[in-house]
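What follows is calculated from the coordinates using simple rules that are stated; it is not laboratory data. The structure presented is a predicted model; accordingly, all values stated were derived computationally and were not measured. Reconstructed Cβ throughout: ideal geometry from the backbone, glycine too, with neighbour counts over all protein chains shown.
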Amino acid sequence: RRVASQGGTIVCGRVGGSLAVTRALGDHALKGHGGGVSEKPTCVTRQLRPEDRFVLMASDGLWDVVEEWQAQDIVLKAEEKPPAMIA
């Protein structure tokens, strides 16, 4: 929706038929009026609670191929590993 509202097009699942993400630091030709790409991230603020165990931050590239439940499963499995094995 955001891409279309800025005059951009989605062709074969890509902005302008070439870029797989809708937010980028480069790709100047696809920014501005008619491009639909933005360098401004979508930010969400949440109040952390004592029972929260993780904060998962990811780009839309991850969400293109991983469902939320899969990401949660990956994080929970990593909890059992030492930090050096996770990175």
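Local charge for I74 was computed over the other residues whose Cβ lies under 15 Å away, with Lys and Arg +1 and Asp and Glu -1, and equals -2. Using the Karplus relation 6.51 cos²θ - 1.76 cosθ + 1.60 with θ = phi - 60°, the per-residue 3J(HN,Hα) values for segment 75-83 come to 5, 5, 5, 5, 4, 7, 9, x, x Hz, with x marking Gly and Pro.
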